[in-house]
Amino acid sequence: MGKEKSDGGDDLQLGLVQMQLAHAKTGERTIIVLEGRDAAGKDGTIKALTEHLSVRSTRVVALPKPNDREKTQWYLQRYVAHLPAAGELVIFNRSWYNRAGVEVVNGFSTPAEQAQFLKDVPRFEAMLIESGIRIVKVWLDITKAEQKKRLDDRATDPLEALKRSPLDPVAQDKWDDYTKARDTMLTETSTDTAPWICVRADHKKRAHKAVIRHVLRTLAPEEVAKTVPAPDNEVLFVFEKKALKDGRLEG
């Protein structure tokens, strides 16, 4: 394999292509859930993951807020329609975890709805895994200073206009509220079968490389996975409660 040159590395990009070719043959169904702080780099991570993948076999799902009918459904119901079929990779840019983050901080759902979600989602993900779907859940974490810089850049750069959100201005003001919601979400929904993978994402290229390495080592066939170096453990690590206190996750 060639020397790494791009954000994800040419050899890592080749690994992703080889992974998808293998999944097309075996019918593997895979999900990547991407969550994180506002401006943590979800879009860039998705671009690094999908740059050379088949558009027919790769879907990026970013659902809008629910309509009036969807609001009356079981919360997780509308996500079921977007689950992968054989050979497909589905990347959720934000996901059902909106209920544990944005909705909590901004009062878009009730405490009872949030509590029910935290009870339901581990069982929901266990059912998906038992059905044969493989899941990788990634939390992108950045410092408050880095978030401010990125949000300021987004607000003034015309090429970033499509990334702007009405919630951008409150991200810094509600930093502590988002931290509390994150801590609860990670603690309550990281399980042995569907753990959260945390990524320190202030440095975008390092974060991209770490995520791709983890994806390949977790989802690729053995002949591909064994050639991939482990991610830098200063950048990527499996969530554990002590990470909330030891400085690996921003407070």
Return the pairs, sorted by first residue and then second, in which the second residue is surrounded by fewer than 13 Cβ atoms within 10 Å (Cβ to Cβ), the first residue lies in the range 81-93 and is without any contact (Cβ under 8 Å) to a residue 60 or more places away in the chain, the beta carbons are less than 6 Å apart, and the residues are 6+ apart or on different chains. ALA86/GLY27
Residue in the range 7-29 that is assigned to a loop (DSSP other than H, G, I, E, B), surrounded by fewer than 21 Cβ atoms within 10 Å (Cβ to Cβ) and modelled with pLDDT of 95 or more present: yes
Kindly state which helices (runs of 4 or more DSSP H) lie completely within the range 97-187 and contain at least 1 residues that are open to solvent by 40 Å² or more (accessible area, probe 1.4 Å) and either at pLDDT 95 or above or more than 23 Å from LEU249 (Cα to Cα) (or both). 102-106, 111-130, 144-156
Can you tell which of ARG154, ARG99, ARG134 is among the basic types (Lys, Arg) and more than 19 Å from the chain's Cα centre (by Cα)? ARG154
Within the range 39-56, can one find any residue that is assigned to a helix (DSSP H, G or I), surrounded by fewer than 17 Cβ atoms within 10 Å (Cβ to Cβ) and touching a His at 6+ places or on another chain (Cβ under 8 Å)? yes
Within the range 57-82, the residues that are among the polar types (S, T, N, Q), within 22 Å of PRO111 (Cβ to Cβ) and either in contact with a helix residue (DSSP H, G or I) (Cβ under 8 Å, 6 or more places away or on another chain) or in a helix (DSSP H, G or I) (or both) are THR72, GLN77
May I ask you to say which residue of ASP168, ASP183 is under 13 Å from ALA243 (Cβ atoms) and among the acidic types (Asp, Glu)? ASP183
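The values are calculated or read from the model by the stated rules, or taken from the named source; none is laboratory data. No experiment lies behind these values; they were computed from the predicted model shown. No Cβ is skipped: glycine too gets one built from the backbone with ideal geometry, and neighbour counts run over all protein chains shown. What goes into the accessible areas is simple: the full protein's heavy atoms, side chains included, and nothing from ligands, DNA or RNA. Shrake-Rupley method; radii C 1.70, N 1.55, O 1.52, S 1.80 Å.
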